[in-house]
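Inspection log for the structure reproduced underneath, given as C-alpha cells.
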Amino acid sequence: MNLSFIWHMHQPDYRDESGIVQMPWVFLHAIKDYYDMPWMLERHSGLKSTFNITPPLIRQLKLYYDNPQNSDKFFNLWLREISSLNMAEYSWMIKICKSSTYDTVVSKMPSYDVLYKKESYTHQEFFDLEVLFVLSWCGVYLRTNSEIVKEMLQKGKDFIYEDKLSLLHELTHFVRGIFDYYVELRDRDIISISTTPLNHPILPLLLDMNSAKVANPSTNIPKHPISLKDDALLQIERAKELFEDTFGFQPDGFWPAEGAVDENSVALLSECGIKWIATDQEILFRSINSRDKANLYKPYDYNNMCIAFRDHELSDLIGFTYRFWEPKLAAKNFTSLLSSINDSHSDATVFIILDGENAWEFYDNNAFDFFDALYTNLGSTPWLKTLHMQDVYGLDKKRLNRLAAGSWIHGEFNTWVGHKEKSRGWELIFVTKRDYEHHKESLDEATKAKITEHFLASECSDWFWWYGDDHFTEFGLEFDTLFRSHLIAIYNLMKIAPPLDLFEPIIQNRSSVDFWLKPKSYISPDIDGRHGSFFEWIGSGVVYENRTSSTMDIPKGPVNKIFYGQDDECIYFAFDTDIEMMKRCKILRLIIDPIGFNEEIDIDFTTQKQYCRKNGGIVFEVAFEDWLEIKIDASSIESQKLDFRFELSSGDAVIQTLPSFGELEIDMENDFSDRWFV
C-alpha cells in the first residue's frame, strides 16, 4: 500500500497596518516545528512526505532574518529594559510568557515552572521568565545541536542581557536556513512542497457566499453578500509568485485553506495551473453519496484536477489522541490500523493530512519520540511505501464526476460563517468593499495597491475561526483588533473617516468560562443513567465540549457536555450525549492519574444498563439510559489530587478524547469555601 503524509504549516498574518507583527507565534513555531518536522523525517532513510507552506508564514518568517526586534512587538519589548515597560506592556508580556503548554513544556523546566506559578516578580525573575519562555519553544533539534541553547537551558536562571542577545542571534541565524533546508530535501526527492492561496482564505466563500448554504442549508449567511472573485484570483496568483520567489520553482499543488473546496474554486485553481489539491474524506463521501471507506483509498481525477482525500480518523489520531499514549504503543497502533486497511483493500493509497505545527506542544518532547517510533515502524514495513504528492500525481486515478462543497471541518463552512460574530466580520468586509468601489477612481495606483493588500489580508480564514462560540483563545481580542485594523487602514488610505462600527470589538466579553465552568459546591446525584432532575447536578463543573478551545478543530464526537463534581467520598461524572452517535460506541476507557488506573467500561446504548465493578481496590458504578453516569468511590484512593481522562471507542478507533483540552483535576480536599454562591 501507499501512504502519503501532507503536513500543513500555517500561521495567520499577525502584522498590523504598520507592518509590525503583533504576536510571536511564527518565530516560535519556526524554532520548534518548521525545521524539526522535515528533520525528523529525514532521519529515517527512504521515507517521503509533502509539506504545505502558506504565504503568510513565508512572508512573516522572512521578517525575522535580521533584527526581529524591529518587526515584532514581542521581541521589541523582550529586548527593552523592564523599567521602561508601562503597565499594559508589562501585563501583556506576562500573558505571552505564560502561554506555553504547562503539562508537556513548563512542568519539564523546573525554573520556568516556579516562575510560571508566581503572580508577581522581581526584575530578575521577570527577566528570567522572558528568557525561559523563548527557550521553552526551542525544538528537539536546537536542544540537541545548539550549544547556546543547551548552555542556557542548563543555566536555568539569573540570565543577563548578553544572554538574550546571544540567544536571539543564534535563533535568527537558525531561522534563516529553514526554507533552504526544504529546497535541499526536495532536490533529494524526500519531500514535495505545496502552498495555499495568499492569505489563507476560504475560496468558495469569496466566490459565492451561497456555497455555505449548498454545504449546509441551515447556515445563516451575511446580509447582502457580494462576490469577491477578483480577490480570489489574486489570492491564488500572488501565492504562486511568492512561492516561486522563495523556493525557486512554481508550485504544482495547493492545499486549499481549511480543505475548503467547491466546483467553482477548483475550476479557478485549475485555470491557474494547479494540478493537484487535497481535502477531507467528508467531501468525497458527499460527492459520491456513499460513506464506504473502500472508496477513500485512491487518488481521484475531477476535471483533470488530481484530488487526495484524507483519512479523517487516522489523521485525528495523530493530531489529538496519540499525545496521551506511550510513543511506541501509539506507533504500533497506527501501523496496525494501516495493516488492516492493507488486508482489506488492494493497492490502497492512504492520505494522512493535518496541521504540522500546533499539535506537538501537547506531546512530550515535542512529539519527537512518537515520530521516531512511527517512522521507524513505517521504514521497516515491507508492504508499505511512503509517497509525496508529486509521486501521487503519477498514479492511476479514479474519475470523480461531481465535487461537493465543504471543508475539512464537518464537510461544511460553519466554522467561518453562520454565527452572528462571523457574519458581522463578513458584513464589514462587504461594506468596506462597496465604499472602495465608489471611491477607487479618485485614488492613485500606489494607494489602490495598498488597499488591495489590506482587503486580501482581511479575507484570512483565521479571523473567522475565532469569532463565534466554536473556538476560544485568550488572544481573541488581539485577533479581532488585527482583523478590523485592515479595514480601518483602507478607509484611512481613502482619506475617509472609518465607520464607528470598525472601532467596536466584534468579540464581546468572552473568556474560558464560555466552555468550562468549575465546580462550586458538593454534589451527590443518583447514578441511574437518566437525565433527571436539574437540581441533582447544580453546583457541578461543566465542560462544553462543543465550545472547547483549540488552534485546531477538535473532532466532533457524541459527547456535548461533561458534568462533574464530588462529595466527601465519591466523584461523579455525567456525559450529555448525542444518543444516535453514542450507539456506535462500545467502550469508554477511564484513566486516572497519577495512580495509573486504566479501565475499559463496556457501554451499549441500544440497551439500558447499570452495574458496579471493582478494579484494583477502586469501586465504580456505571449507568446509562438517556445519558451516561459514573460514580467512583474515592475513599480507597490515597492520592488527594486526581486527573481524569476518558476515551470513547468504536471498534479499534478512538472517536473522542475527553475532555478535549487534556485532563480534569479533582482535589478531594477541596471544600469549595471559596466558591460559595446563593
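Structure summary
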read-out	value
Exclusive hit being on the phi > 0 side of the Ramachandran plot and over 26 Å from the mean Cα position of the chain (by Cα), set Asn76, Asn67	Asn67
Among residues of segment 243-267, those that are of a type in the set (A, V, I, L, M, F, W, C), surrounded by fewer than 19 Cβ atoms within 10 Å (Cβ to Cβ) and not in a loop (DSSP other than H, G, I, E, B), counted	2
Members of segment 657-678 found to be at pLDDT 80 or above and part of a strand (DSSP E or B), listed by number	Leu658, Leu664, Glu665, Ile666, Asp667
Close pairs from segment 102-126: first in contact (Cβ under 8 Å) with a residue 12 or more places away in the chain and farther than 20 Å from Phe368 by Cβ, partner of a type in the set (D, E, K, R) and open to solvent by 70 Å² or more (accessible area, probe 1.4 Å), Cβ under 7 Å, at least 6 apart	Ser111/Lys157; Gln124/Asp158
In segment 500-513, residue least open to solvent (accessible area, probe 1.4 Å) [restricted to those that are outside any helix (DSSP H, G or I) and at pLDDT 90 or above]	Ile506
Per-region count, segment 1-22, residues more than 16 Å from the chain's Cα centre (by Cα), modelled with pLDDT of 95 or more and open to solvent by less than 10 Å² (accessible area, probe 1.4 Å)	4
Count - residues of segment 466-484 that are surrounded by 21 or more Cβ atoms within 10 Å (Cβ to Cβ) and polar (S, T, N, Q)	0
The lone exception for Tyr375 - which of (1) open to solvent by 10 Å² or more (accessible area, probe 1.4 Å); (2) closer than 20 Å to Asn52 by Cβ; (3) part of a helix (DSSP H, G or I) it fails	(1)
Criterion violated by Asp369 - all others in (1) more than 15 Å from Trp7 (Cα to Cα); (2) open to solvent by 10 Å² or more (accessible area, probe 1.4 Å); (3) out of contact with any Asp or Glu (no Cβ under 6 Å at 6 or more places or on another chain); (4) in contact (Cβ under 8 Å) with a residue 60 or more places away in the chain satisfied	(4)
Residue in segment 79-89 that is in a helix (DSSP H, G or I) and buried (at least 19 other Cβ atoms within 10 Å of the Cβ) present	no
Every pair of residues 6+ apart whose Cβ atoms lie under 8 Å, when the first sits in segment 624-635 and is more than 15 Å from Phe597 (Cα to Cα) and surrounded by 22 or more Cβ atoms within 10 Å (Cβ to Cβ) while the second is modelled with pLDDT of 80 or more and polar (S, T, N, Q)	Leu628/Thr577
Top-ranked residue of segment 312-356 - restricted to ones that are in a loop (DSSP other than H, G, I, E, B) and open to solvent by 40 Å² or more (accessible area, probe 1.4 Å), ranked as nearest to Phe644 (Cα to Cα)	Trp325
Count of residues meeting criterion [over 26 Å from the mean Cα position of the chain (by Cα) and among the basic types (Lys, Arg)] in segment 118-151	2
Residue identified as within 26 Å of Thr279 (Cα to Cα) and not in a loop (DSSP other than H, G, I, E, B) among Ile31, Ile96, Ile6	Ile6
Which numbered condition Glu237 fails, given (1) under 30 Å from Asn342 (Cβ atoms); (2) touching a residue at least 12 places away in the same chain (Cβ under 8 Å)	(1)
Hits in segment 51-78 - residues which are surrounded by 16 or more Cβ atoms within 10 Å (Cβ to Cβ) and of a type in the set (Phe, Trp, Tyr)	Phe51, Tyr64, Phe74, Phe75, Trp78
Set Tyr300, Tyr322: member being among the aromatic types (Phe, Trp, Tyr), out of contact with any strand residue (DSSP E or B) (no Cβ under 6 Å at 6 or more places or on another chain) and in contact (Cβ under 8 Å) with a residue 40 or more places away in the chain	Tyr322
Filter result (open to solvent by less than 20 Å² (accessible area, probe 1.4 Å), aliphatic (A, V, I, L, M) and part of a helix (DSSP H, G or I)) within segment 417-463	Leu428, Ile429, Ile451, Leu456, Ala457
Selection within segment 560-604 - outside any strand (DSSP E or B), of a type in the set (A, V, I, L, M, F, W, C) and either out of contact with any Ser or Thr (no Cβ under 8 Å at 6 or more places or on another chain) or open to solvent by less than 50 Å² (accessible area, probe 1.4 Å) (or both)	Ile579, Met581, Met582, Cys585, Ile603
Tabulated pairs, segment 389-412, first open to solvent by 30 Å² or more (accessible area, probe 1.4 Å), second of a type in the set (Lys, Arg), C-beta under 6 angstrom, 6+ apart or interchain	Lys398/Lys298
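Matching residues to (1) open to solvent by less than 10 Å² (accessible area, probe 1.4 Å); (2) touching a residue at least 12 places away in the same chain (Cβ under 8 Å):
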| residue | (1), (2) |
| --- | --- |
| Lys150 | no, no |
| Lys155 | no, no |
| Glu162 | no, no |
| Leu168 | no, yes |
| Leu171 | yes, yes |
| Tyr182 | yes, yes |
| Ile191 | yes, yes |
| Asn199 | yes, yes |
| Ile202 | yes, yes |
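The values are calculated or read from the model by the stated rules, or taken from the named source; none is laboratory data. Computed from a predicted model, the values in this text were never measured in an experiment. With ideal geometry, Cβ positions are generated from the backbone for all residues, glycine too; neighbour counts draw on all protein chains shown. Note: accessible area is taken over every heavy atom of the protein model, side chains too, but ligands, DNA and RNA are not part of it. Shrake-Rupley method; radii C 1.70, N 1.55, O 1.52, S 1.80 Å.
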